[in-house]
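A short write-up of the structure that comes next.
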Amino acid sequence: MSHEKPGAGSEPADPSRDPGGDPPAVCTLPADGLDERFAWIRREILPHAVETQRLTHGLAFELVAAPGLAATLDRLVALERECCSGLVFEPSQSAAPGRLRLEVRGLEPDAEFFRQLQASAPR
């Protein structure tokens, strides 16, 4: 997590590059906060999932559109930008009628983060 003042640098920090040589932190939430976030995703988003697709660097979830789901996805994106700047959460309209798509990119599809999500998502 950067503590620089806005505008302090000419470019935003690249979360994938750590001058100390350590891999970037995937999430800055404490363990209990991460557990709560996964529980919220499992409760509010994954019940709508009808398909999970592997991407080169992530996963895509096909979701049955439901009232309020688009707003919930937008909320997820806002929350994840605060703690997981190295990941990209991108909701969109699916090519399939009546569906939304959520792509999560920035990690290999077999990363622990995705294994935890996939534990309760359709394949």
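All of the numbers you see were taken from the coordinates with simple rules; none came from a lab. Predicted model only: the values in this text are computed from it and were never measured. Backbone-built Cβ (ideal geometry, glycine too); neighbour counts: all protein chains shown.
Okay, which of the range 56-79 sit inside 16 Å, backbone N to the point 7 Å along the Cα-Cβ direction of GLU103?
Zone members listed by number: 56-63, 77.
Please list 3J(HN,Hα) in residue order for the range 39-48, calculated via the Karplus relation 6.51 cos²θ - 1.76 cosθ + 1.60 where θ = phi - 60°; whole Hz, with x for glycine and proline.
Listing the rounded values in order: 4, 5, 4, 5, 7, 9, 10, 5, x, 8 Hz.
For ALA39 and VAL64, FRET efficiency with R0 = 25 Å and r from the beta-carbon atoms, rounded to 0.05?
Working: r = 21 Å, r/R0 = 0.82.
With a Förster radius of 25 Å, E is 0.75.
Can you tell me the dipole magnitude for the range 31-118 around its Cα centre, using point charges on the Cβ only (Lys, Arg +1; Asp, Glu -1), in Debye to the nearest 20? Display every interim value, and only then the final one.
Details: 10 positive and 14 negative charges, 51 e Å.
With only Lys, Arg, Asp and Glu charged at Cβ, the dipole is about 240 debye.
Residue by residue, what Karplus-based ³J(HN,Hα) values in Hz, rounded to whole numbers, does the range 101-107 have, using 6.51, -1.76 and 1.60 with θ = phi - 60° and x for Gly and Pro?
Couplings: 10, 10, 9, 10, 10, x, 9 Hz.
What are the residues whose amide H is under 5 Å from the amide H of LEU55, where those residues sit 5 or more places off or on another chain and H is modelled from the backbone?
ALA60
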